[in-house]
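What follows is a single structure, written as C-alpha cells, with notes after it.
The values are calculated or read from the model by the stated rules, or taken from the named source; none is laboratory data. Since this is a predicted model, take the numbers as computed values, not measurements. Cβ atoms come from the backbone with ideal geometry, glycine included; neighbour counts cover every protein chain shown. Ligands, DNA and RNA are stripped out before the accessible areas are found, and what is left, the full protein with its side chains, is counted by its heavy atoms. Shrake-Rupley method; radii C 1.70, N 1.55, O 1.52, S 1.80 Å.
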Amino acid sequence: MIGFPDLGSLNPEDISVIREAAKTAWDFVPERLKKKLEKYAESKWASVVWKTNAEAYLSALYARVSTTRLLGHPKEIRLSEIFTDVYIYDSPLEQKRRNPSALDATALRQKRQADEEQRLPAEAILREKRIYLTGKPGAGKTTLLRHLVLRSIASNKRSTPIYVALKDISENVADSSEINLWRHIAQQFEIAKLPNTEEFLDHLMDAGRAVLLLDGLDEVTERDGIRRTLIGEILKIASGYPKLQVILTCRVGAELFTFEKFAVAQIADFSPQQQLSFVKRWYSDDPAALRSFLDAWALPDNGGLRDLASTPLLLALLCIGYDETREFPLRRGDLYKEAVEALLRRWSVSRGIERDNPYRKLTSSRKEQMLAYVAYTLFKQGHFIFSGGTACTVIAQYLKSLPRREIDDGLEANEVLRNLEAAHGLVVHETSDYYAFSHLTIHEYFVAQYLIDSTNEKTLRHELSFANICNRQWREIILLAAGSVTSADYILLLIRGEISAALASEPNMKRILFALSQSEEVAASEVWGAWADDSNPNISRIAKVDRQYDTTHRSIIQRLTDDLKRAVLLASSLPSVTRRAHIFAKNLTGAHAKWVETYLREAPESRRKKFLEILYAESLYAAALAIGTVSDRAALEELSLRY
C-alpha cells in the first residue's frame, strides 16, 4: 500500500521540496502506474486536506446564499421556502421569433402564451460545461444560482460550489488594473485554512471537481473598462480549466459581448403553474391566507395582475402587498405604480447596486414622464410591438422637449432604450429587431398616466370618445385613469355624456334598455314590439322564435353579462348599481333572452352594434365609479343604468 503524508502537518516550504522531488521521480513512472497514482493522489488530497477543512468554507457559503430580502422588505426569506422550478428557452427568445407584423394587445398576449410551448426545464442546460444564462430583472437568475449552491451542499456531491457575486469585485477596485477574479475566489477559501489555498484551488478546478457560479455580469460597471477586463478574467479561467463547469448570469440586453463556446439560455417567464407553485410556497404556513389569495387571484378582473406577476420579483411584490391587507386593491394603478417603482429604483437600491446610467440628469419623475409619452404615442399608433427605430424616434422627440440642463451631453435615444431594457426591464426585446413593454399592463398603466398628467383638457375629452369607451383595448386604460386621478368626476361625466349622446336618436332602444333594467318584468311584446315594428314588421315570426340558442349570439350575451358581473364585483360598495347590474344580467339571460338573441340576429348591423356598445359602456361606467374618487357618489350612482 502506498503511503500518503499528513499534509496538514507540513509547512509550505516542506511541501514545495516534496513537490519538486516528486516531479523528478514522476518522469520515470510508467504511464499505466501514473494513472493509478493520479487517481489515488486525487482521492487522498480530497480526503486528507479538504474533508477536514470543507465545513468552514461550506458553512460560510451557506450563510451567504441561503436567505434573501426582497425589495428591502424586513422579512428575511429562506430560499428553500420560495424556490420554484425554473424553465428556460435554449436560446435568447428574440432569436426564436420572427419579426412581427402589427399586433394588437390580444395577439401579443397569445404570442407570449405560445412561447410557453418552447420552454424547457433548466436541467436541460445545466449539464453543459459552459453556460451563459440571461433573464429579465427579477426573473430569478440569482435565486437559481443560489439554489444550485444549496443543492450541491445538501447532496454532498464531489463537485464543490464556488459562488461569486461579480459586483463585489467591481465595487472594491479603483480601476481595471486591480481586477483579479482568481484572487477573489481564493480569498473565499482562506476560511478553510488550507496549507496552500491557491494550489488546492488549482487542483480542484483542473480536476473538474468544482462548479463556478458567476452572478450578475450586468451589475459590473463599464467604467474604465472594468467590465471588459472582468470578462477577460472569466474567459481566462474558463479556457484554462476545461473540466470546470462555469455558469454566468446577466440581464437580458445588458451585455453585447458574445461568449463563444458557452451554451446560451434565457430564463422563461412564470407560467400559471409556476405562479401557483410560488404562491403555495409563500403561504405554506398559512392555509387560510393561501385560500383567500387564490380566490382573489382567480377573479376575471385580476387578469392584469396575473400578467404582471410573470417574474418571481413581481409576484413576491404582490404577495407582500397582499400580506398587509389580505386583498388586492381595487385601484390597480397603485399596484402597477409600485411595480414600476420597484423596477425603476427599488430593486437595484435594495441590492446595493449602482448601475451605469447614461441619463444621470434625468430625474425619476422625468423617466416616468418619458415612459408615459412613449407608451401613449406608440399606443395611438397601434404599436404594442415596435421597432427599435420607432421607439428611438419617440424617445428623441421627448428629449428635445426638455430643458437643456436636464439632458446629459451627447445622450442618444438608443442609449436610453437599451438602458430601459438592461437596467430596468420595463422594455424587452420581442425579436432581434422589435421591442415591447415587458408587460401589457405596464404599457396600459403608462398610457393612463399620460392621460392623467396631460394639461390639455382636449386630449382627455378626445380620447374618451364613445368609440374608445366601447373599445376593449381602452378599458383597462380608462379604469386606471379613473382610479388614479385626484377626482374622477370629469371622466365619469364624459362617459355618461357619450352614452346619452349615443341614445339620443334611438328612442326604441332606450325602451328596450329600460325594460332590461326593471326588476318587475315589463311585457316583452310591448317593449320588443316597438323594435319589431321599427326594424322588422314580421313580429309574429320573431315572437315564436324557439328557445334553441344560437351559439354565436349566446356567447355575445354571455360576454356582456360577464362584463356586468365584473362591474358588480367592483361596485359592491354601491348598492343601487349592484342591484341594477344584477337585474340587467338576469334579464339578459332570463325572461328577455330570446328577444335579445333575436335582436342580435335580426336588427340592422348599426343598431345591433350600438346596443352592444351601450351595454359595454354601462359596465365600464359602473366599474369606473366603483374605483374612482368622486365628489358626489350618490348623484353619479343614480345615473348608472338609468334610461
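Things to note:
- Flag if Val428 is touching a residue at least 60 places away in the same chain (Cβ under 8 Å), not in a helix (DSSP H, G or I) and not polar (S, T, N, Q): yes
- Filter result (open to solvent by less than 60 Å² (accessible area, probe 1.4 Å) and part of a helix (DSSP H, G or I)) within the range 499-513: Ile499, Ala502, Leu503, Asn508, Met509, Ile512, Leu513
- Failed item in (1) at pLDDT 85 or above; (2) part of a helix (DSSP H, G or I); (3) touching a His at 6+ places or on another chain (Cβ under 9 Å); (4) under 17 Å from Lys136 (Cα atoms), with Leu417 passing the rest: (3)
- Restricting the range 427-441 to residues that are touching a strand residue (DSSP E or B) at 6+ places or on another chain (Cβ under 8 Å), over 18 Å from Ile477 (Cβ atoms) and of a type in the set (Ser, Thr, Tyr) leaves a set whose member that is most open to solvent (accessible area, probe 1.4 Å) is Tyr434.
- Every pair of residues 6+ apart whose Cβ atoms lie under 7 Å, when the first sits in the range 277-298 and is within 14 Å of Arg78 (Cβ to Cβ) and touching a residue at least 12 places away in the same chain (Cβ under 8 Å) while the second is surrounded by fewer than 14 Cβ atoms within 10 Å (Cβ to Cβ) and not aromatic (Phe, Trp, Tyr): Arg281/Glu81; Ser284/Glu81
- Subset tally (residues that are assigned to a helix (DSSP H, G or I) and open to solvent by 50 Å² or more (accessible area, probe 1.4 Å)) for the range 277-300: 7
- Within the range 431-462, the set of residues being hydroxyl-bearing (Ser, Thr, Tyr) and either out of contact with any Gly (no Cβ under 8 Å at 6 or more places or on another chain) or part of a helix (DSSP H, G or I) (or both) comprises Thr431, Ser432, Thr441, Tyr445, Tyr450, Ser454, Thr455, Thr459.
Per-residue answers, yes or no, for (1) at pLDDT 90 or above; (2) open to solvent by 20 Å² or more (accessible area, probe 1.4 Å):
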position	(1), (2)
Ser177	no, yes
His184	yes, yes
Pro195	no, yes
Arg223	no, yes
Gly232	yes, yes
Ile247	yes, no
Cys250	yes, no
Gly253	no, yes
Gln275	yes, no
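- The one condition in (1) open to solvent by less than 10 Å² (accessible area, probe 1.4 Å); (2) of a type outside the set (Val, Ile, Thr); (3) within 19 Å of Ala626 (Cβ to Cβ) that Glu444 fails to fulfil: (1)
- Residue in the range 277-323 that is nearest to the chain's Cα centre (by Cα), counting only those that are at pLDDT 90 or above and among the acidic types (Asp, Glu): Asp295
- Residues (closer than 21 Å to Leu133 by Cα and open to solvent by 10 Å² or more (accessible area, probe 1.4 Å)) located in the range 197-214: Gly208, Val211
- Of all residue pairs spaced 6 or more apart or on separate chains, those with beta-carbon atoms under 6 Å, a first member in the range 229-245 that is closer than 16 Å to Glu128 by Cβ and a second member that is open to solvent by less than 60 Å² (accessible area, probe 1.4 Å) and part of a helix (DSSP H, G or I) are Tyr241/Met205; Leu244/Met205.
- Any hit, the range 97-117, residues being modelled with pLDDT of 85 or more and part of a loop (DSSP other than H, G, I, E, B): no
- Search result, residues across the range 602-643 that are in contact with a Ser or Thr (Cβ under 9 Å, 6 or more places away or on another chain), over 28 Å from Arg332 (Cα atoms) and not hydroxyl-bearing (Ser, Thr, Tyr): Glu602, Ala603, Pro604, Arg607
- Filter result (more than 41 Å from the chain's Cα centre (by Cα) and farther than 16 Å from Phe514 by Cβ) within the range 582-596: Gly590, Ala593, Lys594
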